[in-house]
Amino acid sequence: MKSILTAGAVLLAACALPATAETVRAGDLSIEQAWARATIPSAQTGAVYLTIRNGGAQPDRIVALEAPVAGHATPHETKQDGDVLRMAETGPLSIPAGGALEMKPGGTHIMLMDLKGGLKPGQSFPLTVTFERAGTLAVPVTVGRAGAMGPE
Amino acid sequence: MTLRHLRLILWSAVGVALVAGSVLLWRASPGGPVPATRPDPGRPLAEGSRWQLLDERNQPFTPADLPGRPTVMVFGFTQCPDVCPTSLSYVANLLRSLGPRGEAIRPLFLTVDPERDTPAVMADYTDLFDPRIHGVTGAPDQMAAALKSLGIFSRKVPQDGGGYTMDHSATILLLDSSGRLRSTLDIHEEAEAAVRKVERLLAGPGAPG
Ligand SMILES: [Cu+2]
């Protein structure tokens, strides 16, 4: 009986985990589904997407980003203005109290610049994120296909 | 049919062409420089324009190469990691949905950043999405002339800390085998709607729609 209960608890725990990547926690924040798209080897730029949930009563914001695969990592946003697509740096990204910051293709992303050798499918690398309140943590990023539209 | 009816029909056709032309022009240039050539939906696209580009195999690509096969044209650049992969992935999915019928289509990715996108870079980049998608680039002045004649807006935008990015039109152009602009696609359109538009291209230049 006890072993059945244990097996049930393990199964439940497994179901609670997201299907992809690991969830990283820091204080009231949890970061899920950090992924990037593969590039050609000579690519200078890449994009990382992740979802940050804030279970706390205080907003937080990202003050620094760093990745060993790139010279710089900067918050970016793509906007469509009529028919014209524009991509530009944004100010510090904030995560509202009790809310979430969701990044996906065609919107907010973390732009990797001066890539050192591109990104290959299946590769993973740490993205170091520094929050104003929650401190610094390393988020594992998984690289999917070049045409991926979400974590794979 | 009386002469009056015929006149009415002809004038309506002129009206539709004018409206379609101005919509395309308006869509191609919000706040930006106005393309010098207005694509006329009744004429083969870029007809009378003179430019010479290079495809990803270093072969010349000119306005004379636009007719021949139904063509899907996507515009972007390889150092655009967010939205350009989405557009190319949309076209790759479209080709997959069409199955064997998709073989008649010529999917092209034209760069708005010819300074950095060499034919070799374009070849490697397009192959990440579907080997059938071919890259097209060229000398900067030739590329600018081509984009203008196709009604595509692009602008270089300097970035903090050096380097630059490109603003550009999001529209995907659908040309029939006579080189006429039949329709456009937006990556937010449902896959089934996109398949139907491409099927109309495959039906040939004489087919309605
Ligand atoms: Cu960006």
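The values are calculated or read from the model by the stated rules, or taken from the named source; none is laboratory data. Since we're looking at a predicted model, the values are computed, not measured. Neighbour counts run over all protein chains shown; Cβ positions are idealised from the backbone, glycine included. For accessibility, only protein heavy atoms count, side chains too; no ligands or nucleic acids. Shrake-Rupley method; radii C 1.70, N 1.55, O 1.52, S 1.80 Å.
Tell me yes or no: at least one residue of the stretch A:71-91 is at pLDDT below 95, surrounded by fewer than 21 Cβ atoms within 10 Å (Cβ to Cβ), over 30 Å from B:Met122 (Cβ atoms) and within 14 Å of another protein chain (Cβ to nearest Cβ).
Yes, the stretch A:71-91 has at least one match.
Considering only the stretch A:43-131, give the strands (runs of 3 or more DSSP E) lying wholly within it that have at least 2 residues that are touching a Leu at 6+ places or on another chain (Cβ under 7 Å) and away from the ligand (no atom under 16 Å from the Cβ). Spell out the reasoning first.
On the way: elements: A:45-54, A:60-66, A:70-81, A:84-89, A:100-102, A:108-115, A:124-131.
Per the criteria, A:45-54, A:60-66, A:124-131.
Assuming B:Gly31 fulfils every condition listed in (1) at pLDDT below 95; (2) surrounded by 12 or more Cβ atoms within 10 Å (Cβ to Cβ) apart from one, which condition is it?
Just one mismatch for B:Gly31, condition (2).
Please tell me if A:Ala34 is modelled with pLDDT of 95 or more and open to solvent by less than 40 Å² (accessible area, probe 1.4 Å). Step through it out loud before you land on a result.
On the way: modelled with pLDDT of 95 or more: yes; open to solvent by less than 40 Å² (accessible area, probe 1.4 Å): yes.
Yes.
If A:Glu32 satisfies every condition in (1) touching a strand residue (DSSP E or B) at 6+ places or on another chain (Cβ under 9 Å); (2) more than 9 Å from chain B (Cβ to nearest Cβ); (3) touching a residue at least 60 places away in the same chain (Cβ under 8 Å) but one, which is the exception?
Status for A:Glu32: all satisfied but (3).
Name every residue in the stretch B:88-129 that is more than 9 Å from chain A (Cβ to nearest Cβ) and within 16 Å of the ligand (Cβ to nearest atom), in order of residue number.
Across the stretch B:88-129, the qualifying residues are B:Val112, B:Asp113.
Just name the residue that is nearest to the chain's Cα centre (by Cα) out of those in the stretch B:157-186 that are open to solvent by less than 40 Å² (accessible area, probe 1.4 Å) and hydrophobic (A, V, I, L, M, F, W, C).
The qualifying residue nearest to the chain's Cα centre (by Cα) is B:Leu173.
From the set of residues in the stretch B:52-95 that are more than 24 Å from B:Leu201 (Cα to Cα) and out of contact with any Gly (no Cβ under 8 Å at 6 or more places or on another chain), which is most open to solvent (accessible area, probe 1.4 Å)?
B:Arg57
Please work out which residue is nearest to the ligand (Cβ to nearest atom), limiting yourself to the stretch A:27-42 and to residues that are under 10 Å from the mean Cα position of the chain (by Cα) and within 19 Å of A:Ala134 (Cα to Cα).
If we filter the stretch A:27-42 for residues that are under 10 Å from the mean Cα position of the chain (by Cα), which is where we start, we get A:31-36.
Checking which are within 19 Å of A:Ala134 (Cα to Cα) leaves us with A:31-34.
Numbers: A:Ile31: 19, A:Glu32: 21, A:Gln33: 18, A:Ala34: 16 Å.
That would be A:Ala34.
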